[in-house]
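The values are calculated or read from the model by the stated rules, or taken from the named source; none is laboratory data. Because the structure is a prediction, the values reported are computed rather than measured. Heads up, the Cβs are rebuilt from the backbone with ideal geometry, glycines too, and the neighbour counts pull from every protein chain shown.
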Amino acid sequence: MKPRVLVDAAAVPADRGALIRYVDGLLAALTQAGADLAVVCQRSDAERYRRMAPSARILPGPPAITNRGARLVWEQTGVPVLARQAGAQVIHAPSYSIPIRAGLPTVVTVHDVTWFTEPECQGTAKASYFRSATRTAVRGANRVIVPSKATRDELIRVLGADPTRIDVAYHGVDPELFHRPSEAEVRRVSDRLGLHGYPYVASLGTLEPRKNVANLVRGFAKAVQDLDSPPALVLAGGLIESSDADVDAAVRELPSGVRVVRTGYLPFSDLAGFYGGALVAAFPSLVEGFGMPVLEAMACGAAVLTTRRTSLPEVGGDAVAYTEPDATSIATALRALLDSPERRTALGAAGSARSREFTWAASAEAHLVSYQRALEC
């Protein structure tokens, strides 16, 4: 008998960013696995979750929780009440913070510990909140779910977390969104980006220091500056204030003829064509809790270049190319890929095959085990 679990999806942001959009894949897979679910969400998301999890009880929160401060207060007061009303036996908080006095067993997902190890990557107030929330959750939750063994090890090292209460549940990848694209999909995205078939290297993610975007820009410039027709570097994703100066400085240093395009956020429907149409998908990150863009690019058949830092080798295995994170190493590794279509084709095939090992069904099963363990504590 599976326990009834209340999943607090009220914190899911409108842009469905990689860090916590795992909620969508997880809920759909939990539903397919026959889980007994109640889902707390913002009112604007209620109908979407009803379609995604038709057997779940959907519990829209009050309108005020669109405000982050109001939501955090309500998380402590309203969520436990709804959980009891729904007959939940376990509460799953999928993003760092838990109701402190829930009155029920709690499970929390901690996606990474960069709030502690890379505090300059975020604003001071935001980092302070997440450090406090993570400490409280790791100390108070019955079970802690992490997306990689590297994140588990970092939790133990940085916070002294109890390893017997940590469960690793890898993320999955949605094959409907992330797949080898058709020529029409590639052409549509290329035209939308203003490239019109021009070759490019792709990178997606928030432009923050731990993503190492400035070194990617500098390494890319070194890799292509002597080419007669160098590809463009396309940086997709959001920008945060602390990285603006670093990335802008790297772009200003570009030699004549080297082109960098910044697109901002891309809709999910464009990502298969974006990744699959690229010569290389480059993610020379310094720290990752999991590395969702690496997995998604692999699923789209892209030749992926990343680093061996933290969780990334767990995701990429032998199906990606690796580089050290400095600009010179990135330049050398990237140029080697650009000079070898055969190597890119082989990596694309290997990455596509490896990506199929990461399913939301497997992630859901790991979560169900964690829920049961929480109930038995």
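Annotations
- Qualifying residue in segment 106-113 (condition: over 23 Å from the mean Cα position of the chain (by Cα) and either of a type in the set (S, T, Y) or in the same structural domain as Y129 (by TED's automatic domain parsing) (or both)): no
- All positions within segment 298-328 that are assigned to a loop (DSSP other than H, G, I, E, B) and of a type in the set (D, E): D318, E324, D326
- Annotation note: Cβ proximity below 8 Å between a residue of segment 295-314 that is basic (K, R) and a residue that is part of a loop (DSSP other than H, G, I, E, B) (sequence gap 6+ or interchain) occurs for R309/S285; R309/L286; R309/V287; R309/E288; R309/P325.
- When segment 31-59 is limited to residues that are crowded, with 18+ Cβ neighbours inside 10 Å and touching a Phe, Trp or Tyr at 6+ places or on another chain (Cβ under 9 Å), the one that is farthest from M1 (Cα to Cα) turns out to be C41.
- Complete set of residues in segment 61-83 that are in a helix (DSSP H, G or I), loosely packed, with under 14 Cβ neighbours inside 10 Å and either not assigned by TED's automatic domain parsing to the domain that holds N142 or not aliphatic (A, V, I, L, M) (or both): P63, R68, G69, T77
- Residues (modelled with pLDDT of 90 or more, under 22 Å from W74 (Cα atoms) and β-branched (V, I, T)) located in segment 17-46: V23, V39, V40
- Of the residues examined, I58 is not one that is of a type outside the set (D, E) and part of a loop (DSSP other than H, G, I, E, B).
- Pick from segment 278-296, criterion out of contact with any strand residue (DSSP E or B) (no Cβ under 8 Å at 6 or more places or on another chain) and not in a helix (DSSP H, G or I), ranking: surrounded by the fewest Cβ atoms within 10 Å (Cβ to Cβ): L286
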